[in-house]
Amino acid sequence: MPEWFQTFFNYAVIFYSAFLIASYIAMVLLAYKEHKKHRTYHYEKHVIDQMRTSPYTPGVSIVAPAYNEEKTIINNVNSLLSLDYPDYEVVIVNDGSKDDTLKLLIDNFQLVKVPYAYVEKIKTKPVKGVYMTTSDNPVFKRLTVVDKENGGTKADASNAGVNIVSNKYFVCTDVDCIIDKYALYRVAWPTMTSTRKVIAVSASMRMSNGCDVRNGQMIEPKPPHTPIPLFQDLEYARSYLVGKQALSAINAMQNVSGGFGFFDTEIVIKAGGYDGDSFAEDMDMLARMIRYMCDSGEDYRVVQIPEICCWTEGPGNVKVLSRQRTRWGRGLLQFFIVHRDMVFNRTYRQYGMVTLPYILIFEMLAPVIEFLGYISIIWLFLSGGINYHTVWLVFLALYSFAQMLTMIIISFDIYSDNSFKKRSSYRWFMLASLLEPIMYHPLNVFFSLRGYVKHLIGAQMVWGNMTRKGFQQPVPGTEGAEGATEGAEGAAPAEESAAEEISE
């Protein structure tokens, strides 16, 4: 390795790391300010009482795609129908299921096919029918089931749901996600208090692995006790409580999770809905919503709230994690190719001048730089060029900073009333934090690079379905291709783009 390259790379990494650490410190300070402000005005009982009686409380639709969910569909839908909110509907999109998902819905909720003037505001695969209940049960009357041909992605099913919703706002989720009973109050509240038009709201999500869940209801949140979900739970806490909260403070949010996101229906339709060709469709859609608002000269806000509104099942092993992160890496590269004109573009305000440059430099390029770093260390070790005293000092400094960040995350989690019932449960977060740099982070670097390569060579990837036992079969017609997502058909339970994680 040429000496000039080694010298240049060393200095580049020093400045890169220093700027990254400085950005983390800035994010922590912004996040703390946002947490404090949120805690000051948001006394939940007062908010709920006010919204229950206010004539200005907006109606909300819940869109949940379902594919081959016969084992859990009834419990999951009952859970969605049991939320506490004065005006909401549930739209289940049966995305061409090959099992008895549709039949079970019809039988259990007394549904019949109804004449319905389906307007394709966003293009989707053909809709075969719309079902509503004949029951006098007022809870069942909230339910609408859309039966359509399989579109191969969650995006197509979500768009069909958006076409049919009747409310100004909708929540897009996965049918197997566990939603907090008061979640709709939490995400709708910013639309009633903001002086600017709120086009989307993101809420904290966490892993359901290890939690006490019964009949689709969260009984007691607990940290996962298996390695991969535990690491990802820590990542989610870091992302939502620090990264996203900080970006929300300056109105520079990068995405709203597809696992649980609250959106303005009209703006989503005008922006073209979800893109079924995107491997980062949640990030892509928010980018197009912001593009529409900025090109139209309209003011807007995208808000992050710290409360946990949804729990989702994360990858249970390295194989599933590999598929998830490879897809995220591929989606991130694809995103920047599609939206490259927004980067450093003042037209798109903070999103174009702050968010996208940050993600490009510290998210997309990070795996490449780290991989070169690994090669550099191996080369120096073999050539006897390592200064071991300096290496250990640098390692311990960065390692200590990471542990400090974890302690801050735990304090934010407690401050936001997201804490586990037993404070001792946080020892699992501390354990994950200690092991993450050496056990988990290198895997994500490799999987992200794998995603970049697959996108560049045009490798085929399809949407899969993750259950508690792993991935089910790919979408019909794509057998043999590699699965790429988790959750309901095409729906990662935590449909996050790679940019979701402040840690990477």
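The values are calculated or read from the model by the stated rules, or taken from the named source; none is laboratory data. Just so it is clear, the model here is predicted, and its values are computed rather than measured. Every residue, glycine among them, receives a Cβ derived from its backbone with ideal geometry; neighbour counts consider all protein chains shown. For the accessible areas, the whole protein counts, side chains as well, though only heavy atoms, and no ligand, DNA or RNA atoms are used. Shrake-Rupley method; radii C 1.70, N 1.55, O 1.52, S 1.80 Å.
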- [ ] For the stretch 58-118, just the Cα atoms, rotate onto the principal axes and tell me the three extents in Å, largest first.
- [x] 36, 29, 19
TODO: For the stretch 228-243, just list the computed ³J(HN,Hα) in residue order, Karplus coefficients 6.51, -1.76 and 1.60, θ = phi - 60°, integers in Hz, with x standing in for Gly and Pro.
DONE: 5, x, 5, 4, 6, 5, 5, 4, 4, 4, 5, 5, 6, 7, 10, x
- [ ] From zero up to wherever the largest Cα-Cα distance of the stretch 166-250 sits, split into 10 Å bins and tell me the percent of pairs in each.
- [x] 14, 40, 33, 12, 1
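Can you tell me the FRET efficiency between ASN10 and ARG340 if r is taken as the Cβ-Cβ distance and R0 is 25 Å, rounded to the nearest 0.05? Please list the in-between numbers first.
On the way: r = 30 Å, r/R0 = 1.19.
About 0.25, to the nearest 0.05.
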TODO: Report the full-extension gain for the segment LYS181 to ASN167: residue separation times 0.36 nm, less the Cα-Cα distance, to one decimal in nm.
DONE: 3.1 nm
- [ ] Report ILE378's accessible area, 1.4 Å probe, all protein chains in place, as a number in Å² to the nearest 10.
- [x] 100
Open item on the list: Assuming 0.36 nm per residue, please report the length gained on full extension of the stretch THR347 to LEU393 beyond their Cα-Cα distance.
Closed with: 12.2 nm
Task: Length added when fully stretched, THR195-ASP87, from 0.36 nm per residue minus Cα-Cα - done: 36.6 nm
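State, as an integer percentage, the relative contact order of the chain based on alpha-carbon contacts under 8 Å between residues 6 or more apart.
Details: 932 pairs, mean separation 93.7, N = 504.
Taking the mean separation of contacting Cα pairs over the length of the chain, I get 19 percent.
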Task: Flagged links, alpha-carbon separation over 29 Å, of LYS222/LYS454; LYS125/LYS270; LYS45/LYS71 - done: LYS222/LYS454; LYS45/LYS71
Task: Integer Hz, Karplus 6.51/-1.76/1.60 couplings in order for the stretch 162-172, x for Gly and Pro - done: 4, 4, 10, 5, 10, 10, 5, 10, 9, 10, 9
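Which residues make up the longest stretch of the chain clear of trypsin sites (Lys or Arg not before Pro) that lie in a DSSP loop with no more than 16 other Cβ atoms within 10 Å, not counting the sites?
198-420
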Task: the chain: calculated mean residue ellipticity at 222 nm from DSSP helix runs of at least 4, using -39500 (n - 2.57) - done: -14500 deg cm²/dmol
Open item on the list: Checking the a/c ratio against 1.5 first, then a/b against b/c, what shape does the Cα gyration tensor give for the stretch 261-320?
Closed with: oblate
Task: Distance in nm between pseudo-label sites at ILE25 and ASP295 (7 Å out along the Cβ direction from Cα) - done: 4.1
Task: the stretch 93-100 - phi-based ³J(HN,Hα) in whole Hz, Karplus 6.51/-1.76/1.60, Gly and Pro as x - done: 9, 7, 8, x, 4, 9, 9, 9
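Quick one: plug the Kirkwood hydrodynamic radius of the stretch 153-194 (C-alpha pairs) into Stokes-Einstein at 25 °C, 0.890 mPa s, and report D in µm²/s.
203
Per residue, how many Å² of accessible area does the chain show with a 1.4 Å probe? Walk me through the intermediate numbers first.
Values: 20970 Å² over 504 residues.
With all protein chains present, the chain gives 42 Å² per residue.
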Open item on the list: Give me the three principal axis extents of the stretch 142-216 from the C-alpha atoms, as integers in angstrom, largest value leading.
Closed with: 41, 35, 23
TODO: Consider just the alpha-carbon atoms of the stretch 18-76 and return their Rg together with their Dmax, both in angstrom.
DONE: 20.0, 51
- [ ] Write down the radius of gyration of the chain and its Dmax, each obtained from C-alpha positions, in Å.
- [x] 22.5, 79
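Please work out the FRET efficiency for the pair ASP107 and ILE457, using the Cβ-Cβ distance as r and a Förster radius of 60 Å; give the result to the nearest 0.05.
Values: r = 47 Å, r/R0 = 0.78.
Approximately 0.80, to the nearest 0.05.
How much net charge surrounds ILE122 when only other residues with a Cβ under 11 Å from its Cβ are counted (Lys, Arg +1; Asp, Glu -1)?
After counting each charged neighbour, the total is 0.
Got a number for carbon plus sulfur as a percent of the stretch 305-461's accessible area, 1.4 Å probe? Could you put the intermediate results ahead of the total?
On the way: 5500 of 7800 Å².
Whole-percent figure for carbon plus sulfur exposure: 71.
Step through the table entries LYS36/LYS168; LYS103/LYS154; LYS123/LYS319; LYS148/LYS319; LYS37/LYS121; LYS103/LYS319, compare each Cα-Cα distance with 28 Å, and write down the pairs that go over it.
As for pairs spanning more than 28 Å Cα to Cα, those are LYS36/LYS168; LYS123/LYS319; LYS148/LYS319; LYS37/LYS121; LYS103/LYS319.
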TODO: Take MET439, project a point 7 Å from its Cα along the Cβ direction, then tell me which residues of the stretch 209-242 have their backbone nitrogen under 15 Å from it.
DONE: 224-235
TODO: Quote the FRET efficiency, to the nearest 0.05, computed for ASP49 versus ILE414 with a Förster distance R0 of 22 Å and r equal to the Cβ-Cβ distance.
DONE: 0.30
Task: Along principal axes, Cα extents of the stretch 300-450, largest first, whole Å - done: 55, 48, 31
Open item on the list: When a/c reaches 1.5 or more, the comparison of a/b and b/c decides; with that in mind, is the stretch 297-359 rounded, prolate or oblate per its Cα gyration tensor?
Closed with: oblate
TODO: Just tell me which aspartates and glutamates come within less than 12 Å, Cα to Cα, of LYS113; anything on the same chain fewer than 8 places away is out.
DONE: ASP147
- [ ] Above 17 angstrom, tally the Cα pairs of the stretch 22-141 and express them as a % of all pairs, no decimals.
- [x] 70
